[in-house]
Amino acid sequence: MSFLLPREHSHSVHASPVFCRSSKQYWSILLNLLTSIAPLAMVPRMTSWAFSRKIALRYLWSKRSEAFISIISVISVVGVAIGVMVLNIVMAVMTGFEHELREKIVGTDSHVVIQKAGGRIDHWRDVSSEVQGVGGVASVSPFTYHQVLVRTETRSSGLLLRGVENDTASAEQVKRYLRSTEDLSRLFNPPPLRVELASGEESEARLPGIVVGHALARTLGLYEGVPVSILSPQVTSTPFGLVPSFRRFLVVGVYSSGLVEYESGVAYVSLQEAQKFFGMNDAVSGLEVRVQDVNTAPQVARAILERLGGAGSGFAVSDWTATNKPLWDALQLEKRVYFIVLLLIIVMASFSIITTLIMIVLEKRKDIAIMKTLGASTKSVGRIFRIQGAVIGGLGTIIGLLLGFLGCVLLKKYGFPLDERIFQMSTLPIRIEWQNFATVGVAAFLICFFATVYPARRAARLEPSDVLRYD
């Protein structure tokens, strides 16, 4: 530094106390200047996303003395993953139950039903031709529907007797539920029954055929070839007074639809025999309409009603969604309740995220103070802890989605046995829909992200002067 002084005094620089004081002041000023300029130069870097992300990941997977925080972070990830996995599997099961039940009901019942005030349609062929012209209609089938009492030698039960016409969609529907060894043609052309007369001789008798459900057959002990008695509520006048209509039918088949209520309460006979037994001549109780897309049944039903003359025509048109509305509403309510209840598992897991971040904030108080002293903004400090929470929630959500998908695939492949008498299906139904997985994933991630709000705000509000004053 001798060049700063006159030449004649340069030899006495090191000995001069005045110069020593001036040199110390100079270096002090230079050091203060560099200290004040350094934060200004570092501000752009310390407020960037890259800076926040780097610090956040370093804090999450810390080592040595902070290894306990890393363990809690892993536990938080596992907690979120378990919650997401369980929720996905339950939603897949509930969706599977809904889908299977809908398929069974729609497969057993009709998509759209046309009836008329008074309970019968006389000129049903003309009505059928009108309905066939409506867009979206696949087929139209006539049917009869009456309450009867079925009786064997020792037992009896109430029954809904349904008459179907041969070579229609309704008949094909019944055929699908028959066993492979049974033929639906026997319903319209039953075989003769050998009976023993009072004289002891055998003779052949021809009885109309009837197809009963598996549950009813098990209850009454029915099987193919057994005759049953059908009593109608309609009465006829005889010399002995009013007696109900009575006729013998021959069991020609047993159907199994998977719905115990249908199997125990609905039986099928030919349309002509039903019309003859109930005295309907050529009239029918209604028309069954099958649509090309079951999801468009409400729209097709409205179009059919308009084609038939509207509400003032005397016709009543109902689709399968309106007929089973209480059941679908109950299923949807149950599904939403399960979703909300199981979502609480993820909420509980988010508390471990809050605990982890608060511990990191307490552990890194001095680091936060130094970063803010060197120019880190309040927003960038808060972003560090939001990124940490997002990483924990994101990892837990992704792992949970993968485990949930794997669990659904395994359950669908190997199955879980159920009691058919209670659940109306043999195995646990699984239906994987990406909408459910997306909803669960988004909900879980948002819960975990909102869990970072309090720790991030607490870290951002730390004052460097308060922290460094006592540390």
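The values are calculated or read from the model by the stated rules, or taken from the named source; none is laboratory data. Since this is a predicted model, take the numbers as computed values, not measurements. As a convention, Cβ positions derive from the backbone with ideal geometry for all residues, glycine included, and neighbour counts pool all protein chains shown.
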Discussion item. Take the residues in region 303-352 that are of a type in the set (D, E, K, R), surrounded by 14 or more Cβ atoms within 10 Å (Cβ to Cβ) and more than 15 Å from the chain's Cα centre (by Cα); name whichever of them is nearest to residue 94 (Cα to Cα).
Written reply: 319
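Looking at this structure, is residue 161 of a type in the set (A, V, I, L, M, F, W, C), at pLDDT 85 or above, under 37 Å from the mean Cα position of the chain (by Cα) and under 26 Å from residue 204 (Cβ atoms)? Quick ask: steps written out before the conclusion?
Numbers: of a type in the set (A, V, I, L, M, F, W, C): yes; at pLDDT 85 or above: yes; under 37 Å from the mean Cα position of the chain (by Cα): yes; under 26 Å from residue 204 (Cβ atoms): yes.
It is true that residue 161 is of a type in the set (A, V, I, L, M, F, W, C), at pLDDT 85 or above, under 37 Å from the mean Cα position of the chain (by Cα) and under 26 Å from residue 204 (Cβ atoms).
Filter region 97-127 down to residues that are among the small types (Gly, Ala, Ser) and surrounded by fewer than 19 Cβ atoms within 10 Å (Cβ to Cβ) and give me whichever is nearest to residue 331 (Cα to Cα).
Filtering region 97-127 for residues among the small types (Gly, Ala, Ser) gives 107, 110, 117-119.
After this cut, where a residue has to be surrounded by fewer than 19 Cβ atoms within 10 Å (Cβ to Cβ) as well, the list is 107, 117-119.
Numbers: 107: 19, 117: 32, 118: 33, 119: 31 Å.
Here the answer is 107.
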Practice prompt. Report yes if residue 355 is over 20 Å from residue 85 (Cβ atoms) and either assigned by TED's automatic domain parsing to the domain that holds residue 75 or surrounded by 15 or more Cβ atoms within 10 Å (Cβ to Cβ) (or both), otherwise no.
Written response: yes
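Is it the case that some residue within region 135-152 is among the aromatic types (Phe, Trp, Tyr), under 25 Å from residue 294 (Cα atoms) and assigned by TED's automatic domain parsing to the domain that holds residue 250? Outline the logic, then answer.
From region 135-152, those among the aromatic types (Phe, Trp, Tyr) are 143, 145; that's our starting set.
Still in the running and under 25 Å from residue 294 (Cα atoms): 143, 145.
With assigned by TED's automatic domain parsing to the domain that holds residue 250 added as a condition, the list becomes 143, 145.
Yes, region 135-152 contains at least one residue that is among the aromatic types (Phe, Trp, Tyr), under 25 Å from residue 294 (Cα atoms) and assigned by TED's automatic domain parsing to the domain that holds residue 250.
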Worksheet item: Within region 271-282, is even one residue farther than 25 Å from residue 206 by Cβ and surrounded by fewer than 20 Cβ atoms within 10 Å (Cβ to Cβ)?
Response: no
Discussion item. So, in region 375-390, exactly how many residues are under 17 Å from residue 58 (Cβ atoms) and either outside any helix (DSSP H, G or I) or out of contact with any Leu (no Cβ under 7 Å at 6 or more places or on another chain) (or both)?
Written reply: 9
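In region 127-180, which residues are outside any loop (DSSP other than H, G, I, E, B) and out of contact with any strand residue (DSSP E or B) (no Cβ under 7 Å at 6 or more places or on another chain)? Step through it out loud before you land on a result.
At the first step, the residues of region 127-180 found to be outside any loop (DSSP other than H, G, I, E, B) are 127-132, 137-151, 156-164, 169-176, 178.
Those that are outside any loop (DSSP other than H, G, I, E, B) and out of contact with any strand residue (DSSP E or B) (no Cβ under 7 Å at 6 or more places or on another chain): 129, 130, 172, 173, 175, 176.
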Fill in: Checklist (1) touching a residue at least 40 places away in the same chain (Cβ under 8 Å); (2) out of contact with any helix residue (DSSP H, G or I) (no Cβ under 7 Å at 6 or more places or on another chain) applied to residue 153, failing item
(1)
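For every residue, the table says whether it meets (1) modelled with pLDDT under 85; (2) in the same structural domain as residue 172 (by TED's automatic domain parsing); (3) over 26 Å from residue 172 (Cα atoms).
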position	(1), (2), (3)
215	no, yes, no
218	no, yes, no
233	yes, yes, yes
238	yes, yes, yes
252	no, yes, no
255	no, yes, no
260	yes, yes, no
